[in-house]
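Asker: Quick one: this structure, given as structure tokens, is what I'll be asking you about.
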Amino acid sequence: MARIITGIIVGCLLLGAVPAQAEEKAAAESGGQTAPEPAPQRKPALNPQVSMLLSLAKDLPGSQVLWLNGKQGDASAMLALYKPANVAEQQGAVMLLHDRGQHPDWPQFIHSLRNELPDEGWHTLSIALTPPAEAKTPKRVLLSASDKEFPYASKQPAAGDAPEKTGSRQLETLTPEQLAETNEATEQLEQQQASEGVDIDVSGEGSTTAEAAEKTAEARVGNTERIELGMQQLSAFGQENKVLLGVGSGVDAMLRYVLANPQSMASGLSMVWINAEVSEGLLEEIKEKAPTFFSLQVLDLYDSTLDLQSRNAMLRRDFARRNSMEGYRVEGMSGLSLIPSSEDGQVTRKVESWLTFHAPGVKKQPKRL
């Protein structure tokens, strides 16, 4: 029995030695060098707003998707969703400007308006406004989990800078004046770091993430330029009777556009505002620099159940009255902000009705020979 047990043990040892010999042979054939581990692949981080627009363009029919100022993938390209009028007697074109944090087919208001107005003879072009800037994060070098200094590289002092060891621990004492100066310097440094911002380097190889972000920011097209690109596209489609319709901050972008391009109001531009957000002093600036604004037709819809919306709407109404803006109409709708996307047809019908009477298309008279 002892011989049998000894034979089993020897056999197991021989079997375990075979893989070890194979590994030694392979190492000898490769010159004793092991293959280096591949460098970790860095996945590009996309702005969530950009990712949302790319996903939206992919899900919608290709006939509705336009890329203005470039092609898909370009940093300066702008997504726009177009639907032509569905009736023979066409009225004109409506450009839709969404609220901040939304997209050109947002379920509430924008989606129903851009899809239902074509049945009333209106072309619709819903454009993507400038996405918010990406938040900058502090720069850190993240080490591999197998690194002995994981997670952060240690900052060992140079040999000459090492403090002398003494038997007793000495504490630094500061006078009240020195302490105040130190606190002030610390606050200034924190403010400087917060304003400058830095990037994260996950590879520890000094990536150019910051440089790429700066190039992307330079290529960004502002809202005024985006609206102008949309207006040019509508003109290319042969549309001369144009309406700008904005929701929330989209109204502010619209007003800044007419301030920068007062000539755009010469052809009888009309406007529709829904729960408008207008920067303080912007209307007064328009009064000073673009007085033709007061000749426009404007429908101002707001949520009458919200105190802030109601107060701001009354301020806009008083401004229109003081400047004899006869084409301005303000109307409160109870619970406008709470209307679900499945029931915002009443807003669409109100807009359609107003457009029919205040911004109808004008048929061109044929030239007489």
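The values are calculated or read from the model by the stated rules, or taken from the named source; none is laboratory data. This structure is a prediction, so every number in the text was calculated from the model and none was measured. With ideal geometry, Cβ positions are generated from the backbone for all residues, glycine too; neighbour counts draw on all protein chains shown.
Asker: Which of the following residues is touching a Phe, Trp or Tyr at 6+ places or on another chain (Cβ under 8 Å) and outside any helix (DSSP H, G or I): Ala313, Ala276?
Answerer: Criteria check complete, one pass: Ala276.
Asker: In contact with a helix residue (DSSP H, G or I) (Cβ under 8 Å, 6 or more places away or on another chain), assigned to a loop (DSSP other than H, G, I, E, B) and either within 19 Å of Glu240 (Cβ to Cβ) or among the aliphatic types (A, V, I, L, M) (or both): does that describe Ala85?
Answerer: yes
Asker: Taking segment 64-82, which residues are part of a loop (DSSP other than H, G, I, E, B), in contact (Cβ under 8 Å) with a residue 60 or more places away in the chain and hydrophobic (A, V, I, L, M, F, W, C)?
Answerer: Ala75
Asker: Would you mind stating whether Ala266 is under 28 Å from Ala80 (Cα atoms), under 30 Å from the mean Cα position of the chain (by Cα) and among the small types (Gly, Ala, Ser)?
Answerer: Working: under 28 Å from Ala80 (Cα atoms): yes; under 30 Å from the mean Cα position of the chain (by Cα): no; among the small types (Gly, Ala, Ser): yes.
Judged against the criteria, Ala266 is not a match.
Asker: So which of Ala93, Ala88, Ala57, Ala128 is closer than 16 Å to Gly248 by Cα and among the small types (Gly, Ala, Ser)?
Answerer: Step by step, each of Ala93, Ala88, Ala57, Ala128 is checked, and only Ala128 is closer than 16 Å to Gly248 by Cα and among the small types (Gly, Ala, Ser).
Asker: Which ones in segment 98-132 are aliphatic (A, V, I, L, M) and over 14 Å from the mean Cα position of the chain (by Cα)?
Answerer: Residues satisfying the conditions are Ile110, Leu113, Leu117, Leu125.
Asker: Still on this structure: Out of segment 88-108, which residues are part of a loop (DSSP other than H, G, I, E, B) and touching a helix residue (DSSP H, G or I) at 6+ places or on another chain (Cβ under 6 Å)?
Answerer: Of segment 88-108, the ones part of a loop (DSSP other than H, G, I, E, B) are 88-91, 98-108.
Matches in segment 88-108: His98, Asp99, Arg100, His103, Asp105, Pro107, Gln108.
Asker: Sort out which residues of segment 316-359 are in a loop (DSSP other than H, G, I, E, B) and hydroxyl-bearing (Ser, Thr, Tyr), and write them in order of number.
Answerer: Matches in segment 316-359: Ser324, Ser334.
Asker: Now, a different point. Can you tell which of Val251, Val243, Val258 is buried (at least 17 other Cβ atoms within 10 Å of the Cβ), assigned to a helix (DSSP H, G or I) and touching a residue at least 40 places away in the same chain (Cβ under 8 Å)?
Answerer: Values: Val243 fails: assigned to a helix (DSSP H, G or I); Val258 fails: touching a residue at least 40 places away in the same chain (Cβ under 8 Å).
On inspection, the qualifying residue turns out to be Val251.
Asker: Taking segment 259-303 as the search range and keeping residues that are β-branched (Val, Ile, Thr) and at pLDDT 95 or above, which one is farthest from Ser112 (Cα to Cα)?
Answerer: Per the stated criteria, the residue is Ile286.
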